[in-house]
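Undergrad: Before I ask anything, let me first share the structure, which is written out below as C-alpha cells.
The values are calculated or read from the model by the stated rules, or taken from the named source; none is laboratory data. Keep in mind it's a predicted model, so treat the numbers as computed, not measured. Positions of Cβ are backbone-derived with ideal geometry, glycine not excepted, and every protein chain shown enters the neighbour counts. Accessible surface areas use protein heavy atoms only, side chains included; no ligands, DNA or RNA. Shrake-Rupley method; radii C 1.70, N 1.55, O 1.52, S 1.80 Å.
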Amino acid sequence: MTLANIPPAPVLPGARHVHSGKVRDLYELTEGPYAGKLLMVASDRLSIFDYVLETTIPDKGEILTRMSLWWFEQLADVVPHHIVSAASTDLPPSVAGRSVICDNLAMYPVECVARGYLTGSGLLDYDATGEVCGVPLPAGLVDGSRLPEPIFTPATKADLGDHDENVSFDAVVDTVGAEVAAALRDLTLAVYSKAEGIARERGIILADTKLEFGDRDGEIVLADEVLTPDSSRYWPAAEWQPGRAQPSYDKQIVRNWALSPGSGWDRTSGEAPPPLPPEVIERTRNRYLEAYELLTGETF
C-alpha cells in the first residue's frame with residue numbers, strides 16, 4: 001500500500017525536496033555553507049493505522065524536534081549523531097524550530113528496536129511462540145511486563161504505507177554482516193539502557209524504542225528522530241500495571257477516538273479517518289507536551 005494522502009512538501013529556497021514520509025520532509029541543501037547536507041523538517045502531521053490525518057497537531061513538529069535534540073545531547077557519550085546544526089540562523093525561517101541540518105548518511109536498512117517491556121507486536125510474537133524476534137522469554141509474561149533484561153528486536157524497513165516486519169538477529173547479520181549487526185545491537189541496547197534510566201528518574205517508563213543508524217566514513221551514527229513519542233513508548237511510571245494496556249504519552253488518544261463509535265469511521269472502509277474534534281487535538285498536543293516537559297525539565 002502506498003500512502004497517497006501526504007500533502008505536497010513546501011518549497012524552500014536553497015533546498016531541493018528529496019523525500020516525504022508520514023510526518024517528516026527531507027531536503028538537500030543546494031546553497032550556502034551547508035550545501036550538500038540534508039535538511040530534515042518535522043511537520044505537525046500525525047498518522048494512525050497507516051493513514052496521514054487531515055488534521056494536524058499544533059506545535060508537534062517543534063516539540064518532537066526539541067525532544068530529539070535534547071536526547072542527542074544526553075547520548076553524546078554513547079554514540080555520535082548526525083546533527084550538523086539546529087541554529088535558527090542556519091535554517092529557512094519558515095521551518096526554524098522544527099528542522100535540523102544533518103549529515104547525509106548511508107542508512108542501514110534495519111529498524112533497530114530495543115524492548116524493556118512486553119507489549120505491541122512483541123506481545124503478539126510472545127503469545128504465539130514464547131519468543132520475540134527469536135529471543136526466548138520466560139513463561140507467564142503479560143501485556144506491560146518488565147523483561148528480565150532489555151532485548152534487541154530488529155525489524156525490516158518497510159516501504160511507506162507498509163508495516164515493518166519483526167525479524168531475527170540472524171536476518172540482520174544476513175543484511176549488513178556480522179560485525180555491523182553486532183555493533184547495531186550493542187549500540188541500540190546501550191542507548192535504551194541510558195535513556196530508560198534517565199526517563200525513570202523523571203517518573204516515566206521507556207517501554208521500547210526504535211532507532212535508526214547510518215554510516216559516516218566507516219563510523220556508525222545515530223540518525224533520524226530519537227526517543228520521541230512517535231518512535232518510542234512512554235508510560236507514566238505511577239500508572240504502570242502489567243496485565244492491561246498502559247496509558248501512554250503518544251497518539252493513543254487519537255487511535256482510541258478513531259476506533260470509537262463516535263468517530264463514525266470504519267477501519268475496513270479504505271477511507272482515511274475523519275477530521276479530529278478540537279478536544280482530541282488539544283488532549284493529544286498536551287500529551288506530547290507533557291512528555292517533553294517531564295523528560296527535559298524545560299518549558300515549551
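Undergrad: For the chain, what is the accessible area per residue in Å², given a 1.4 Å probe and the full set of protein chains?
TA: Each residue of the chain exposes 45 Å² on average to a 1.4 Å probe.
Undergrad: Using Cα pairs closer than 8 Å and at least 6 residues apart in sequence, work out the relative contact order for the range 145-300, in percent.
TA: Relative contact order here is 14 percent.
Undergrad: Hey, in the GNM for the chain with a 10 angstrom Cα cutoff, which one of 68, 263, 47 fluctuates hardest?
TA: Ranking 68, 263, 47 by mean-square fluctuation puts 263 first.
Undergrad: Using a cut-off of 24 Å between alpha-carbon atoms, which lysines can reach residue 22, once sequence neighbours fewer than 8 places away in the same chain are excluded?
TA: 37, 60, 157, 210, 251
Undergrad: Still on this structure, please answer the following. Under the 0.36 nm per residue contour assumption, what length would be gained going from the current alpha-carbon distance of residue 290 and residue 240 to full extension?
TA: Difference between extended and current length: 16.3 nm.
Undergrad: Can you check what the net charge comes to around residue 287, using other residues whose Cβ is under 14 Å from the Cβ of residue 287 (Lys, Arg +1; Asp, Glu -1)?
TA: Taking every Cβ under 14 Å from that of residue 287, the sum is -2.
Undergrad: Which values, in whole Å and largest first, are the semi-axes of the equivalent ellipsoid of the range 68-180 obtained as the square root of 5 times each eigenvalue of the Cα gyration tensor?
TA: Its equivalent ellipsoid spans semi-axes of 33, 17, 15 Å.
Undergrad: Restricting things to alpha carbons, tell me how big the chain is in terms of Rg and Dmax, in Å.
TA: 19.0, 58
Undergrad: Here is a further query. Taking a 1.4 Å probe, which of 69, 46, 123 shows the most accessible area, and what order do the others take after it?
TA: I get 69, 123, 46, largest accessible area first.
Undergrad: So, one more: Between residue 216 and residue 282, what length comes free when the chain is fully extended (0.36 nm per residue of separation minus the Cα-Cα distance, one decimal in nm)?
TA: Result for the pair: 19.8 nm of gain on full extension.
Undergrad: Using DSSP H assignments, which helices in the chain have an axial alpha-carbon span of 24 Å or above and a mean Kyte-Doolittle hydropathy of -0.5 or higher?
TA: Those that clear 24 Å and a mean of -0.5 are 178-201.
Undergrad: Would you mind working out the magnitude of the charge dipole of the range 175-300 relative to its Cα centre, with +1 at each Lys and Arg C-beta and -1 at each Asp and Glu C-beta, to the nearest 20 Debye?
TA: 520
Undergrad: Gain in length, residue 146 to residue 88, computed as 0.36 nm per residue apart minus the alpha-carbon separation, to one decimal in nm?
TA: 16.8 nm
Undergrad: Follow-up. If I model a spin label as a point 7 Å beyond the Cα along the Cα-Cβ vector, how far apart are those points for residue 35 and residue 201 in nm?
TA: 4.4
Undergrad: Specify the residue with the greatest mean-square fluctuation among 256, 166, 104, computed from a Gaussian network of the chain linking alpha-carbon atoms under 10 Å apart.
TA: 256
Undergrad: Run the helix sum for the chain: -39,500 (n - 2.57) per DSSP H stretch of 4+ residues, divided by residue count, reported at 222 nm to the nearest 500 deg cm²/dmol.
TA: Value at 222 nm, helices only, nearest 500: -9000 deg cm²/dmol.
Undergrad: In nm, give the distance between the simple-model label positions of residue 128 and residue 74, each being 7 Å from the Cα along the Cα-to-Cβ direction.
TA: Reported label-point gap for residue 128 and residue 74 is 3.3 nm.
Undergrad: Among 60, 210, 37, which one shows the biggest mean-square fluctuation in a GNM of the chain, springs joining Cα atoms closer than 10 Å?
TA: Checking each option, the largest mean-square fluctuation is seen for 37.
Undergrad: Any idea what the relative contact order of the range 60-120 is, in percent, if you count C-alpha pairs under 8 Å spaced at least 6 apart?
TA: It rounds to 35 percent for the range 60-120.
Undergrad: Okay, next question. For the chain, with only Lys/Arg (+1) and Asp/Glu (-1) charged at the beta-carbon, what is the dipole magnitude about the Cα centre, in debye rounded to 20?
TA: I would put it at about 660 debye.
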